[in-house]
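Engineer: Quick one: the structure is below, questions incoming.
The values are calculated or read from the model by the stated rules, or taken from the named source; none is laboratory data. The structure displayed is predicted, hence computed values, not measured ones. Cβ placement follows ideal geometry from the backbone for every residue including glycine, while neighbour counts extend to all protein chains displayed. Remember, those area values only see protein heavy atoms, side chains included, never the ligands or the DNA or RNA. Shrake-Rupley method; radii C 1.70, N 1.55, O 1.52, S 1.80 Å.
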Protein chains: 4
Amino acid sequence: MALNKTLRPGLIQLRVLDLDQTLNFYKNVLGLNEVCRTEDGRVCLKAYDEFDHHSVTLRLAEEPGFDYAAFKVDSEETLEKMAEAVEAFGYQTDVVPANSNQPGFGKRIGFTISTGHRLEIYADVELAPQIPETRNPNIWTEEPRGMRAQRLDHFLLYGPNIAEAERFCKEVFGMFVPEVCNTPDGKRLAAWVTSSNKPHDLAFVEYDKPGKMHHVGFLLQDWNDVGHAADIMAINHLKQDIGPTRHAITRGQTIYFWEPSGNRIEVYAGGYTAYPDNPQRVWDSEQLGRGLFYYEGEMIPSFLQIIT
Amino acid sequence: MALNKTLRPGLIQLRVLDLDQTLNFYKNVLGLNEVCRTEDGRVCLKAYDEFDHHSVTLRLAEEPGFDYAAFKVDSEETLEKMAEAVEAFGYQTDVVPANSNQPGFGKRIGFTISTGHRLEIYADVELAPQIPETRNPNIWTEEPRGMRAQRLDHFLLYGPNIAEAERFCKEVFGMFVPEVCNTPDGKRLAAWVTSSNKPHDLAFVEYDKPGKMHHVGFLLQDWNDVGHAADIMAINHLKQDIGPTRHAITRGQTIYFWEPSGNRIEVYAGGYTAYPDNPQRVWDSEQLGRGLFYYEGEMIPSFLQIIT
Amino acid sequence: MALNKTLRPGLIQLRVLDLDQTLNFYKNVLGLNEVCRTEDGRVCLKAYDEFDHHSVTLRLAEEPGFDYAAFKVDSEETLEKMAEAVEAFGYQTDVVPANSNQPGFGKRIGFTISTGHRLEIYADVELAPQIPETRNPNIWTEEPRGMRAQRLDHFLLYGPNIAEAERFCKEVFGMFVPEVCNTPDGKRLAAWVTSSNKPHDLAFVEYDKPGKMHHVGFLLQDWNDVGHAADIMAINHLKQDIGPTRHAITRGQTIYFWEPSGNRIEVYAGGYTAYPDNPQRVWDSEQLGRGLFYYEGEMIPSFLQIIT
Amino acid sequence: MALNKTLRPGLIQLRVLDLDQTLNFYKNVLGLNEVCRTEDGRVCLKAYDEFDHHSVTLRLAEEPGFDYAAFKVDSEETLEKMAEAVEAFGYQTDVVPANSNQPGFGKRIGFTISTGHRLEIYADVELAPQIPETRNPNIWTEEPRGMRAQRLDHFLLYGPNIAEAERFCKEVFGMFVPEVCNTPDGKRLAAWVTSSNKPHDLAFVEYDKPGKMHHVGFLLQDWNDVGHAADIMAINHLKQDIGPTRHAITRGQTIYFWEPSGNRIEVYAGGYTAYPDNPQRVWDSEQLGRGLFYYEGEMIPSFLQIIT
C-alpha cells in the first residue's frame, strides 16, 4: 500500500473553560457539527468533510489545553505491531477499550512521548451518523457554516526533547519530516512531521515545560476562505493572534486566533504536496520568524510566549 | 512508512506535432521550465515546485498522445519487488537502463497494462538543476509564469478493460480507488486511483481502443489561479474544452483545454483529502455528467469523444 | 456634484410564475431579504448591502419577464427637470403617486422608451427597515446567505431601436456609454450604459420584439464569490446558462442562469472602473461572442435566443 | 451628466530618495509602466489599466513625501468655474501652463488647502502612448506585472483643519463624504471623500503638521491579488506595515507597506459601491482602530505615527 500504517491524526481532546460559549464557537463560528455528548459531559464534534465518528472532543476543565490526540492506523494488525514498536521504543502503553470514553471509537493504545504529550493509536472507528455523500455526491450536503472548517488538520505541541519525539514519529509511526528548524548550535528547535502528502500532521517546538499545546489547525478550502474566516472572526470579536498571512514553512495560508477558552486555533489552507523523498527544508532559528510569518518577515512574540 | 512504495506519477512522455509552438505553450503559457533536450530532440520540462529532474517529456510525432508515464517508488528494493509483482500479475516487463532515454532518471521498468498503456516504475532520479529552495526557503524563487502550474498532478487514460487496470493499481502499486463510476449493469465505466492524499494520481475510462489519453492534469494553487489560467488561456487564444468549473468527482476546480498539438490539458486545484479507509464514492453512469461537470450538471459531448 | 442627477437603477419589477418556489430562490439561494408584501400580493426584496426600501419586486403572472425598472435621481428638482426632458425627448410621461404601488417609494414618473420598456425615475425612497450598519459598522450585520448578492447591479434589455434608447440615456439621464457593439454596416447591435463608475447600469441589445429582458444582474464581491455561487447553484439544481466565465465586455466575472420562473439572472463581480472621458470600447459584431464569453471565445446560442 | 465635474484623482507627484531602487519598486514590484522622464529627471509612470498619459510622477528629493495631487475635471468650462470657486472659497490659485512640467497634461490650476497640501485641477490630458485595448479588447494586452496595480486609487493626507478641507471637497469639488470619524467632543478626526462610486478618492486625518502624507493607494482586482501582492512583497523583502487585512471603513481589502524611499503604499481591493444619497457611516474615534483594521480589531501604532 502506498498510504498506509499511520493514516492521520483522527482525534484530539481539548480542555475548555466554558462549555456553552466555547461550543458556540466550535459549532457556529468554526463550523463543526456536534455529534454526541458523553455521560461525563464531554462534547464530540466533527467537521463536515470528515467520515469518522468525531474528531474533536471538548472536556470542561479549569485550564484550557491538550488532553491527548489519537492517530488512526490502517488495520488491527498495524495497531498491534505499532503497540509493540512503541514499547520497544521505550514508552509504556496502556489500552483504552473500545467505546469506553470516546463514543464510536474502537480500542485505543496510549502512551506518553518525550514532550510530555499523550498520544494514542487506533484502527477502528465507526462512521459518523452524518457523513459526506458517497452516491453521486454533492460537494457538501448543506452549505458549510461559519469559517467552513473542512477537517481537523494538524496540531503543534510544545515540550522537551523534541528530537526524540521526531525520531519516534519516524521510527514508530513511519512518518517523515518535511521541514525542521535548528538553533545555531545545531539543535532541533522545531519539526514538522507528516504521514502523507500533507505538509504536516503534527509539529513540535522545543520547550522546557512538558505537555503544552500551541495550536490546533483546521483545514479550509483556500485563501479566500481564510479571508472569509477573518470576516467571521471580526464580527464575532474573536481575538486574533496573527493573520491572514502565509507560512513559508509548509507554505500554508493562515490565521491564528484564540477560541473563547483560550486555546489557539489555526485555520489553514494551501501548503505544498509533501513527499518523503523530496529534500528536507531546513530553517535557521534566526529565520524562523520569517518562516512562520512570511508576510510580516519576523517573529511575533506571542507565538513563542502564549501556549496552553 | 505511512506514505511509501508507489509515491507519485513522476514522468509523462507526450507526443506533440510542432515543437516550437507547443514548447512555447508548455513554457510560457502553462509555465513549466525547460530542463534539457535529448540527443534525439525530445524536450524535458518540469514545474517550478517539483524537485525531480523533469516530469514532462515532449516528443515530436505525427499524432499527439501519450507515450508512457512513469511512477516513482520509494526504493530500489520496492522497485525490484514491484517488478516481480508486475510479472506475477501477468504483465511482461522490460528494463530501461539508467540515463538511457530520460536524462537524470535511474533504471526504469516498463510494462503494458490492460488498457494498452505503457507504464513504468523507477526508484532513482536526480534532482533537477533548479529546485525549490530548501534552506530558509521562499515560497518560490522567481514568480511562477503563465498559468503557474505547480506540479504534474495526474492523467486520465482511455482503454479497454479498466477493471483489470484498476485491480493492477491496487494489487501491484498498492493504490486505492476513492471514486468509481458504474454502468447500470454494474460494469466499471471509470475509476479514479491514487497512492496518497491526492484524490487521483491517474484515472481510467473504459473505451474500446487501447492506449488513448484523455488529458494530463497540472496542479494550480486554488480557484483564483484557475480563473487566472482562464485569463491566460483567452489572451493566448487557446481552445477551451470546458471550465472554469468544478468536478463533483474529486471536488477539484478545473479547466480543460487543448494545447497547440491537440493534447487535452487540465489545470486543476482543490480536491478533497483522500484516505484509503474512507468510503468509496460511487457514481451511476447516468450521473457521470454531473459528476464531471458539477456546474453544468450534464455531460459535455467532447469529454467522451475527443481523445488523443 | 460629481456623482449626481441619475444615481442608479434602484428598482426592478419582475414577473414570476410561482411565488413560493421563486421566492425561495430569491431569498435563500440568491440571498435577498424579503422586506414586505403589497396588498395585491407582490413581494418586495432587497440585497443586504442596499439602503433603500427595496430593489426587487416580484409579481405573479402568466409569463416571466420585465415589468419596469426605476432609476433614483438626486433630488425633486432633478426629477421635475428630467420629467420635462423626457417629454421634450418625445416620450409621454405618467405619474405614479408616492406609496401607491411600491411601498416606501415617493412619486415616480414613468415612460416607455424606444425598446418598448417602461422606465421610471424617482427622487425619494424610504430607507429599508434593516439597513447596513452606519455607526462603527461591521461589514455586514449577519453573514450574507446563499450566493451573497450584494446589490441589484444592472439589467440587459432586448428591443427595437436601441440607438434611440442609448441616445435617451445620454441626453436625458446624463449617462455615458463605455462599450458598444456594431454590425458590419455600422449599426448599433448592443450598448452598455452607466451613470457612474460601474461599467454598466443597464444595457441594450437590438431585437425586433419590444419589451424583452435578457437578464438582471446582481453584484457579488469577487471571483471567489462567483465560484461559491456556482456551488450554490449546483446543489440547488438551478439550470446554468453559462459560467463561471469572464466578460471581456465590462471585464466582469460572471454566471448566467435561470431562476425557477425562467428569468435569467446574472451574478457578477469585478468590472473596470468606468469614466466618461475614457475612450469608448468598440466591438465588431463578429467578435461579440468573445466579448461576452471571453473564456469560451465564441457566442453561445442561448444568449441570443432565450429571453423573457 | 451623472458622473461629472470632478472625475478622479488623476496624478500624484511623490518625492523619493533613490531613483533607481525606487523605480525598480514602482515598475517591477508594484507593476506600473514607465511612460517618460522629464528634462529635470523626474519619472512619469502609469498603471496598465489607466488611459491618461501618466498618474504618478517621482521626483528625487532629500525626503520622501507628497508634492501635490491633481484631479481631472470634465471640461475646460468646469475647470474655469471651479477655479473661480476655489478663489471664492478663499484659496489663492496659480496656473501651470500646459505641458510645462507634467508631459501630456494640459493647463493645471493649483492651490493649497487647509491641510497644507497643494492640489490641482485640470481638464485636458493626452492619452498615454500605450493604453488598454479599445477595439475588441482583451482584458489586458500583456499580463500585469508584480503586484498588478490596476490604477492609482486614492491617497490619505495628514494635516490641520480637515473640517475645512472636507467642506472644500464638498463645496468646490462636488464630492461627498461616505465615512467620517469624530472625537468624543464631536470634532472631525478623519474623513473619506469621493467624487464617484469609489468609497474614497482621497481621505484626511487631522494632524498638527501641514502637508503630510500617510499613503497612496493603488487598486488591485480582489482579495486574491491582495494575497498575491503579499507574496511579491515578501520575496522582495519590502517592509510591511499591516495586512493582508480588511478595513471596515470603505470595506476594502488591503496591505500597507513602505516602498524603498519610505513612502507608505497601499494595495487595495473591494470596497462598497458608494452613493451620495446613502447614509454617512460614522466612526467614534475609540473605534477607529477597528474601523481601519477590522481583523486586528485595534489601532496599530504605526498608523498614527509614521507619515512622510
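Engineer: Can you find a residue in the range A:202-212 that is surrounded by 23 or more Cβ atoms within 10 Å (Cβ to Cβ), among the acidic types (Asp, Glu), outside the structural domain of residue A:50 (by TED's automatic domain parsing) and at pLDDT 95 or above? Break it down into steps so the answer makes sense when it comes.
Structural biologist: First, the residues of the range A:202-212 that are surrounded by 23 or more Cβ atoms within 10 Å (Cβ to Cβ): A:202-204.
Retained after the next criterion (residues that are among the acidic types (Asp, Glu)): none.
No, because not a single residue in the range A:202-212 is surrounded by 23 or more Cβ atoms within 10 Å (Cβ to Cβ), among the acidic types (Asp, Glu), outside the structural domain of residue A:50 (by TED's automatic domain parsing) and at pLDDT 95 or above.
Engineer: Would you mind stating whether residue D:73 is buried (at least 23 other Cβ atoms within 10 Å of the Cβ) and hydrophobic (A, V, I, L, M, F, W, C)?
Structural biologist: On the way: buried (at least 23 other Cβ atoms within 10 Å of the Cβ): yes; hydrophobic (A, V, I, L, M, F, W, C): yes.
Yes: the conditions hold for residue D:73.
Engineer: Sticking with this structure for a sec: Can you find even one residue in the range C:79-93 that is out of contact with any Asp or Glu (no Cβ under 6 Å at 6 or more places or on another chain), of a type in the set (D, E, K, R) and surrounded by 19 or more Cβ atoms within 10 Å (Cβ to Cβ)?
Structural biologist: Scanning the range C:79-93 turns up no residue that is out of contact with any Asp or Glu (no Cβ under 6 Å at 6 or more places or on another chain), of a type in the set (D, E, K, R) and surrounded by 19 or more Cβ atoms within 10 Å (Cβ to Cβ).
Engineer: Does residue A:102 fit the bill of being over 28 Å from residue A:288 (Cα atoms), in contact (Cβ under 8 Å) with a residue 60 or more places away in the chain and touching a Leu at 6+ places or on another chain (Cβ under 7 Å)? Steps first, answer last, please.
Structural biologist: Values: over 28 Å from residue A:288 (Cα atoms): yes; in contact (Cβ under 8 Å) with a residue 60 or more places away in the chain: yes; touching a Leu at 6+ places or on another chain (Cβ under 7 Å): yes.
Yes; evaluated as a whole, the condition is true for this residue.
Engineer: Condition (residue is among the β-branched types (Val, Ile, Thr), within 17 Å of the chain's Cα centre (by Cα) and not assigned by TED's automatic domain parsing to the domain that holds residue A:259) applied to the range A:11-18: is it met by at least one residue?
Structural biologist: Taking the range A:11-18 first, the residues among the β-branched types (Val, Ile, Thr) are A:12, A:16.
Add one more test, that the residue is within 17 Å of the chain's Cα centre (by Cα), and what stays is A:12, A:16.
After this cut, where a residue has to be not assigned by TED's automatic domain parsing to the domain that holds residue A:259 as well, the list is A:12, A:16.
The answer is yes; a qualifying residue exists.
Engineer: What number of residues in the range C:154-176 are touching a residue at least 24 places away in the same chain (Cβ under 8 Å) and either more than 13 Å from chain D (Cβ to nearest Cβ) or open to solvent by 10 Å² or more (accessible area, probe 1.4 Å) (or both)?
Structural biologist: The first filter runs over the range C:154-176 and keeps only residues touching a residue at least 24 places away in the same chain (Cβ under 8 Å), leaving C:154-166, C:168-169, C:171-176.
Keeping just the survivors that are either more than 13 Å from chain D (Cβ to nearest Cβ) or open to solvent by 10 Å² or more (accessible area, probe 1.4 Å) (or both) gives C:155-166, C:168, C:171-172, C:176.
Of the residues in that region, 16 qualify.
Engineer: What helices (runs of 4 or more DSSP H) lie completely within the range C:222-308 and have 2 or more residues being over 21 Å from residue C:25 (Cα atoms)?
Structural biologist: Numbers: elements: C:223-235, C:288-292, C:301-305.
Fully inside the range C:222-308 and qualifying: C:288-292, C:301-305.
Engineer: Can you find a residue that is under 23 Å from residue A:26 (Cα atoms), within 11 Å of another protein chain (Cβ to nearest Cβ), in a loop (DSSP other than H, G, I, E, B) and modelled with pLDDT under 95 anywhere in the range A:130-139? Working first, answer last.
Structural biologist: So in the range A:130-139, the residues under 23 Å from residue A:26 (Cα atoms) come out as A:130-133, A:139.
From the residues that got through so far, the ones that are within 11 Å of another protein chain (Cβ to nearest Cβ) too are A:131-133, A:139.
Going one step further and asking which of them are in a loop (DSSP other than H, G, I, E, B), we end up with A:131-133, A:139.
Next, only the ones that are modelled with pLDDT under 95 stay: none.
No - not one qualifying residue is present in the range A:130-139.
Engineer: Condition first: open to solvent by 20 Å² or more (accessible area, probe 1.4 Å) and touching a residue at least 60 places away in the same chain (Cβ under 8 Å). Now tell me which residues in the range C:25-37 satisfy that.
Structural biologist: First, pick out the residues of the range C:25-37 that are open to solvent by 20 Å² or more (accessible area, probe 1.4 Å): C:27-28, C:33-37.
Residues satisfying the conditions are C:27, C:28, C:33, C:35, C:36.
Engineer: Related question: Here's a check for you: in the range B:12-45, which residue that is in a loop (DSSP other than H, G, I, E, B), under 19 Å from residue B:234 (Cα atoms) and among the hydrophobic types (A, V, I, L, M, F, W, C) is farthest from the other protein chains (Cβ to nearest Cβ)?
Structural biologist: By that ranking, first place goes to B:32.
Engineer: If you don't mind, another one. Which of (1) within 14 Å of chain D (Cβ to nearest Cβ); (2) touching a residue at least 24 places away in the same chain (Cβ under 8 Å); (3) open to solvent by less than 50 Å² (accessible area, probe 1.4 Å); (4) more than 30 Å from residue D:135 (Cα to Cα) is the odd one out, the single condition residue C:126 does not satisfy?
Structural biologist: (3)
Engineer: Does any residue of the range B:28-44 turn out to be within 11 Å of residue B:11 (Cβ to Cβ), modelled with pLDDT of 95 or more and not assigned by TED's automatic domain parsing to the domain that holds residue B:218?
Structural biologist: So in the range B:28-44, the residues within 11 Å of residue B:11 (Cβ to Cβ) come out as B:44.
Subsequent filtering for residues that are modelled with pLDDT of 95 or more retains B:44.
In the following step, the residues that additionally are not assigned by TED's automatic domain parsing to the domain that holds residue B:218 were identified as B:44.
Checking the range B:28-44: at least one residue is within 11 Å of residue B:11 (Cβ to Cβ), modelled with pLDDT of 95 or more and not assigned by TED's automatic domain parsing to the domain that holds residue B:218.
Engineer: Identify the single condition in (1) open to solvent by less than 10 Å² (accessible area, probe 1.4 Å); (2) not in a loop (DSSP other than H, G, I, E, B) that residue C:54 does not satisfy, given that it satisfies every other one.
Structural biologist: (2)
Engineer: Let me ask something else about it. Please verify whether residue B:285 is surrounded by fewer than 21 Cβ atoms within 10 Å (Cβ to Cβ), more than 8 Å from chain A (Cβ to nearest Cβ) and either of a type in the set (Lys, Arg) or in contact with a Ser or Thr (Cβ under 6 Å, 6 or more places away or on another chain) (or both), treating the condition exactly as stated. Break it down stepwise before answering.
Structural biologist: Details: surrounded by fewer than 21 Cβ atoms within 10 Å (Cβ to Cβ): yes; more than 8 Å from chain A (Cβ to nearest Cβ): yes; either of a type in the set (Lys, Arg) or in contact with a Ser or Thr (Cβ under 6 Å, 6 or more places away or on another chain) (or both): yes.
So residue B:285 fits the description; yes.
Engineer: For the structure I just gave you, tell me whether residue A:280 is surrounded by fewer than 22 Cβ atoms within 10 Å (Cβ to Cβ), at negative phi, modelled with pLDDT under 95 and more than 17 Å from the chain's Cα centre (by Cα).
Structural biologist: On the way: surrounded by fewer than 22 Cβ atoms within 10 Å (Cβ to Cβ): yes; at negative phi: yes; modelled with pLDDT under 95: no; more than 17 Å from the chain's Cα centre (by Cα): yes.
In short, no.
Engineer: Right, something else. Is at least one residue of the range D:178-196 of a type outside the set (S, T, N, Q), at the interface with chain C (Cβ under 9 Å from one of its Cβ atoms), under 16 Å from the mean Cα position of the chain (by Cα) and under 25 Å from residue C:6 (Cβ atoms)?
Structural biologist: no
Engineer: When you scan the range B:250-271, how many residues do you find that are facing chain A (nearest Cβ under 10 Å) and among the hydrophobic types (A, V, I, L, M, F, W, C)?
Structural biologist: Adding up the residues that qualify gives 1.
Engineer: Looking at (1) outside any strand (DSSP E or B); (2) within 14 Å of chain A (Cβ to nearest Cβ), find the lone condition where residue B:9 falls short.
Structural biologist: Every listed condition holds for residue B:9 apart from (1).
Engineer: Need the failing condition index for residue B:147 against (1) in contact (Cβ under 8 Å) with a residue 40 or more places away in the chain; (2) away from chain A (no Cβ under 13 Å); (3) open to solvent by less than 10 Å² (accessible area, probe 1.4 Å); (4) outside any loop (DSSP other than H, G, I, E, B), just the number.
Structural biologist: Result: residue B:147 passes all but (4).
Engineer: Scan the range C:108-115 and give yes if some residue there is in a helix (DSSP H, G or I) and either of a type in the set (Gly, Ala, Ser) or outside the structural domain of residue C:220 (by TED's automatic domain parsing) (or both), otherwise no. Show your work before the answer.
Structural biologist: Here is the first cut: in the range C:108-115, the ones in a helix (DSSP H, G or I) are none.
Scanning the range C:108-115 turns up no residue that is in a helix (DSSP H, G or I) and either of a type in the set (Gly, Ala, Ser) or outside the structural domain of residue C:220 (by TED's automatic domain parsing) (or both).
Engineer: Looking only at the range C:214-228, decide whether some residue is in contact with a strand residue (DSSP E or B) (Cβ under 7 Å, 6 or more places away or on another chain), within 14 Å of chain D (Cβ to nearest Cβ), closer than 30 Å to residue C:139 by Cα and free of Cβ contacts under 8 Å to residues at least 24 places away in the same chain.
Structural biologist: If we filter the range C:214-228 for residues that are in contact with a strand residue (DSSP E or B) (Cβ under 7 Å, 6 or more places away or on another chain), which is where we start, we get C:214-223, C:225-227.
Keeping just the survivors that are within 14 Å of chain D (Cβ to nearest Cβ) gives C:217-223, C:225-227.
Within this subset, residues satisfying the condition of being closer than 30 Å to residue C:139 by Cα are C:217-223, C:225-227.
Right, trim to free of Cβ contacts under 8 Å to residues at least 24 places away in the same chain and you get C:227.
Yes: the range C:214-228 contains one or more residues that are in contact with a strand residue (DSSP E or B) (Cβ under 7 Å, 6 or more places away or on another chain), within 14 Å of chain D (Cβ to nearest Cβ), closer than 30 Å to residue C:139 by Cα and free of Cβ contacts under 8 Å to residues at least 24 places away in the same chain.
Engineer: Next question. Just to be sure before I move on: is residue D:196 touching a helix residue (DSSP H, G or I) at 6+ places or on another chain (Cβ under 7 Å) and either closer than 30 Å to residue C:280 by Cα or assigned by TED's automatic domain parsing to the domain that holds residue D:76 (or both) in the structure I sent?
Structural biologist: Details: touching a helix residue (DSSP H, G or I) at 6+ places or on another chain (Cβ under 7 Å): no; either closer than 30 Å to residue C:280 by Cα or assigned by TED's automatic domain parsing to the domain that holds residue D:76 (or both): yes.
Taking the combined requirement at face value, the residue does not satisfy it.
Engineer: Just to verify a result, which residue in the range D:103-123, among those that are away from every other protein chain (no Cβ under 12 Å) and of a type in the set (Ser, Thr, Tyr), is nearest to residue D:271 (Cα to Cα)?
Structural biologist: Per the criteria, the residue is D:115.
Engineer: Within the range C:238-249, is even one residue modelled with pLDDT under 95, open to solvent by 10 Å² or more (accessible area, probe 1.4 Å) and within 14 Å of chain A (Cβ to nearest Cβ)?
Structural biologist: So far as the range C:238-249 goes, yes, one or more of its residues are modelled with pLDDT under 95, open to solvent by 10 Å² or more (accessible area, probe 1.4 Å) and within 14 Å of chain A (Cβ to nearest Cβ).
Engineer: Please determine whether any residue of the range A:289-303 is over 20 Å from the mean Cα position of the chain (by Cα), open to solvent by less than 10 Å² (accessible area, probe 1.4 Å) and of a type in the set (Gly, Ala, Ser).
Structural biologist: Checked against the condition, which is being over 20 Å from the mean Cα position of the chain (by Cα), open to solvent by less than 10 Å² (accessible area, probe 1.4 Å) and of a type in the set (Gly, Ala, Ser), the range A:289-303 yields at least one hit.
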